[in-house]
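See structure below.
Just so you know, all these numbers are worked out from the coordinates, no wet-lab data involved. Quick caveat, the model's predicted, so the values are computed rather than measured. Cβ: placed from backbone, ideal geometry, glycine included. Neighbour counts: every protein chain shown.
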Amino acid sequence: MRYAQVVPDIPTRAIDGCFDYAIPTELETSCVAGCTVLVSFGHRDVVGYVVSTSAEVSEGVNPLRVLSVERMLAPPAFDEVAAGLALWMAREYAAPLASCLRLMLAPGQTVRVRKSDEGAWELVCNRAQAVDDRWAALTDAGRAFTPRKNASRQRQVVEALAAGPMRVAELAAMVSGAAGVVSALAKRGLVEIEHRRRIRGAEQASTLSSANAPRPTQLTAGQQGALAAIGEAVSARRGDVVLVDGVTGSGKTEVYLDAIERVRAQGRDAIVLVPEISLTAQTVGRFRSRFGDDVAILHSRLSTGERFDQWDLLRSGAAHVVVGARSALFAPLANVGLVIIDEEHEGSYKQDQAPRYHAREVAAELARRRGAALVLGSATPSLESLERCRAGSWRGVSWARASMPERPGGAVLPAVHVVDMRSQPGAKGGSVFSRTLRDALLEVAERREKAVLLLNRRGFASFLMCRECGCVPTCPHCSTALTYHERTHSLACHTCGSVWPVRAYPDPSTKCPNCGSRYLAQYGVGTQRVEDELRMLLPEDVEVIRMDADTTATKGAHTKLLEQFDAAECAVLVGTQMIAKGLDFPEVTLVGVVNADTTLKLPDFRAAERTYHLLEQVAGRAGRGERPGQVVIQTYWATHPAIRAVEKHRRGPFVAYELDEREEAYYPPFSRLANVTFAGLNEGVVRDRAAVFARELRARVLDLPGEWEVLGPAECVRAKVKDRFRRHVVVKAPAAANVGPVLTVAADALPARRDVALSIDVDAYDLL
C-alpha cells in the first residue's frame, strides 16, 4: 500500500501541513506528486494537491484510520521540489499553503467543490485544454480525382488542396461549406484529415529593431568577467547568486544569452524574469533570435488558453527557456540550471496579493533547491542586493557582484542637466516645459531624432481643486483624490476604478461639490496634458506617442506603440514608468523628466531609492547609439542626494547616505519589515481588531532574540478603499529573523471574525 501526502485546497493559514491518504490500487501509477485529487476532509469532499507519496504513513498516524483518495482530478503539474518551495513560501510569507500550491498549477485549472442550489456539495472542474486543428490534404486518389462540372464546391476544395495541406478552418473561410465537403471526400478516401496541436501564445515576431540579438564580435571586459562569475555559480550547483551590476546599455542581455547558451549545452533549463509587460516583446524577440522555438512565454496579457499552451510546452519538454513576469518562476521545469531576474530592483517583483512573495527571494530559494545559479541584473541594484554582496553571503548562500562599468562600442553615458524649477521664470501659459527642455525638444525635431519624456502620472491633471473653498473631489468609496481626464471630461479613481463625468473651469457647467463655486480648476500634470502641449510645440511631422495605463489597456497595445515609435523617422514617446527601463532605441538622443519629484515626496522610506532608480534608468534610454545623448530633469528639489547622484552618474555617495538613514531608522536592509492590514465596513470593529492583534504580537516578540519593534496600530495612508476602513500594524524585525511564523501565530490567536479582513505582507513594499 502506498500513501499520498495531500494538502486540502482550503485557503487558511490554519492548514500548514499535509494529510495522509491511501492510494487505491487503480491509482498507484498515476497518483504522484503534483496531482490534483478529490479527498474527504472534515466530513465533506474537498479538492487536494499531492505533494509527495510514500510507502508508509507519517509518524504518529494510525494506518487503519487513513482514508483513501477518492479520484484523480488533474494530472501532475509540479514535482516534490516545487511542492517543497510552496511549503517554504507559506512559512516565509505567512500565507495559506493551498494558495502557494495554486501558483504551480496549470493555467486555467479551477477545480473546486461548491454547494449547489439544492444544498448538496458538487464538484466543478474547469481546466484549459490543448486545441487540435484539423488539417486536410489530398490523398493519391484525390490528386487524380476530377469533380463533376456541377460540383463547384468540390472543385474549389480540390483546387485549394492541390497547392498543399490546409487547415479546415482556413479552407472554410475561403469556400462556403468546405467543412462538409472535406468530410464527404474523406469518407471516399480522397482527402486525409490530420489533427495537429495548435500552440496559442506563439506571438508573431515583433518588428522592433531591438527585438533581435546579433552576436557581437567581441565582448567587453565587464561582460567577460560577469560570464566567468556566472559560470562558477552554475558549476557550484548550490544556489549561488551573482549580481550583474552594469550601467545602462552595458550589454547585460548579451551576458544573459551567453550564460543560457552554456547552461543549455549542459542539458539544463533557464528562467528569465522581466519586470514590465512592455519589455516582453523586445526580450522574447532577442531570446528567440538566439534560441528559436526553445523559448516559451508566460505573462498576464496572454489568454488562459495561450498561457496553458506555453506552460505545456515547458512541461512536455518541447521548450526549455521561459521568459515572463514573476509567475514564470513557477513554470514546470525540473532541471533548472539558471534563473535570471532582469532589473532586479523593480518593485513589480513583489506580489501585492496573497501570497505576497518577493520574486527575488523565491528565486534564491528555488535556485538553492534546484542546484541552480541565480543572476540578478540591474544598472541600479536594490540596496538589499548591494548589502548582501558586500557581506558576501546571505542565508548560507554566496552572493557576488560582477561590475560592468562600460558601454560596448565606445558609447558613453548621456550628459544630465538638472533644471531647478524654483528659479525658472513663469512659463507662458503655464507650460509644463522649462525653457531648457523646450529648446532641447525643438532641437531634436530639427535634427530628425527621437526623444523620450517621462511623467509618472496618468490623466490630464493630478486633481481638480476649488479656488474658492479648496475642496478637492475625492472618491466616496476610497480616501483618494480623483484624477481629471480631459479627453473624456471625467474624474477617475485609480484605486477602485470608479468614474464620474465632470468639466473644469472655464466651462459654465463646472460646479464645486462642496460650495457650488464654478471655479473648479486643474492642478498638477498628467500624460494627456504633456501630449497636448507637445503637439502644439512641435512640427506636425513629429509623431507624438503616449504610453500609459490608459493607452496600453488592450492586448498587444504595448508592442504596437513601441513599434510605431521605432518605425517613426522623428518622434517623441511620452509615458509613465513603463517606458523608463529596458527599452533600447539607439535613435533616442534626448530624455526629459517633466517632474522628478512625484515619487520623491511619497510617504515611503524607499521614496528616495525609487526616485534614483527611476531617473537613472530613464536617463539610460538616451545615447545608446552612435550619437551622444542628453537628459533634462525638471525638479523643485535639485539638491536632493538622489537627484545629484543621477546628475553625476555617481551612485556611491547616494547609497552611503541612504544606508546611513536606513540604519538609523532600523529599516531594510538592516531589518525585515512586515505590514499587517485590517479592513472592514465598520470602522470601530476594525480599530478594535487591530488593537487586539498589536497587543498579542507585542507579548509574543518580547522574548525573541534581536530587536523587534511593533508600531501602531494606526490609520493607513489610504484610510478607506472600496468602502472599507483600513488600519495597519508595522513590524520591524532582525534581518535574519523568521517573521512569517511569528505573525501567523499572533493572527491565529485572534477570535474568528468574518467582518474584518486581515492581510499579512512580509518584506512589505507598500505601506500606504
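Less than 23 Å apart at the alpha-carbon level, and either on another chain or at least 8 residues along: which lysines does that give for Lys450?
Those lysines meeting the cut-off are Lys560, Lys581.
Just from the alpha-carbon atoms, what are the Rg and Dmax of region 671-762 in angstroms?
Final numbers for Rg and Dmax: 12.8, 40 Å.
Exposed loop sites here are GluC sites (Glu not before Pro) in DSSP loop states with at most 10 other C-beta atoms within 10 Å. What is the longest stretch of the chain lacking them? Each step should come with its number before you reach the end.
On the way: sites that count: Glu59, Glu118, Glu540, Glu626.
That would be 119-539.
How big is the gap, in Å, between the Cα center of region 614-628 and the Cα center of region 349-406?
Each part's Cα centre sits 25 Å from the other's.
Going by amide H atoms built from the backbone, whose H comes under 5 Å of the H on Ala402, apart from near neighbours?
Counting only residues 5 or more places away or on other chains, the set is Leu243, Val244, Asp245.
Between Ser327 and Val66, what FRET efficiency comes out of the Förster formula 1/(1 + (r/R0)^6) with R0 = 41 Å and r the beta carbon distance, rounded to 0.05? If you can, show how the numbers build up before the last one.
Numbers: r = 35 Å, r/R0 = 0.85.
So the FRET efficiency works out to roughly 0.75.
How many percent of DSSP beta bridges within the chain run antiparallel, rounded to 5?
Details: 74 of 129 bridges.
Within the chain, antiparallel bridges account for around 55 percent of the total.
How much length is gained if the chain between Ala186 and Glu446 is pulled fully straight, taking 0.36 nm per residue apart and subtracting their Cα-Cα distance, in nm to one decimal? If you can, show how the numbers build up before the last one.
On the way: separation 260, 0.36 × 260 = 93.60 nm, distance 6.51 nm.
So the extension gain works out to 87.1 nm.
Just the Cα atoms of the chain, one point each, no solvent: what log10 I(q)/I(0) does Debye give at q = 0.05, 0.06 Å⁻¹?
For the requested q values the scattering log ratios are -0.31, -0.45.
Please compute the volume of the convex hull spanned by the alpha-carbon atoms of region 221-408 and report it per residue in Å³.
On the way: hull volume 20.9 nm³, N = 188.
Convex hull volume per residue, Cα atoms: 111 Å³.
Compute the distance from the alpha-carbon center of region 143-169 to that of region 572-601, in whole Å.
Region 143-169 and region 572-601 have Cα centres spaced 56 Å from each other.
Which lysines have a Cα lying under 19 Å from the Cα of Lys732, excluding residues fewer than 8 positions away in the same chain?
By straight Cα distance, Lys732 reaches Lys350.
What is the spin-label model distance, in nm, from Thr29 to Gln353 if the labels are put 7 Å beyond Cα along the C-beta direction?
4.0
Run the reach check for Lys149 against aspartates and glutamates, Cα to Cα strictly under 15 Å, same-chain hits fewer than 8 apart removed. What comes back?
Here the aspartates and glutamates satisfying the reach criterion relative to Lys149 are Glu159.
Report the semi-axes of the equivalent ellipsoid for region 499-633 in whole Å, largest first, where each axis is √(5λ) for an eigenvalue λ of the Cα gyration tensor. Show your work: numbers first, answer last.
On the way: eigenvalues 192, 84, 42 Å².
Whole-Å semi-axes of the equivalent ellipsoid: 31, 20, 15.
For region 554-700, what is one quarter of the convex hull surface built on the Cα atoms, given in nm²?
Numbers: hull surface 54.4 nm².
That works out to 13.6 nm².
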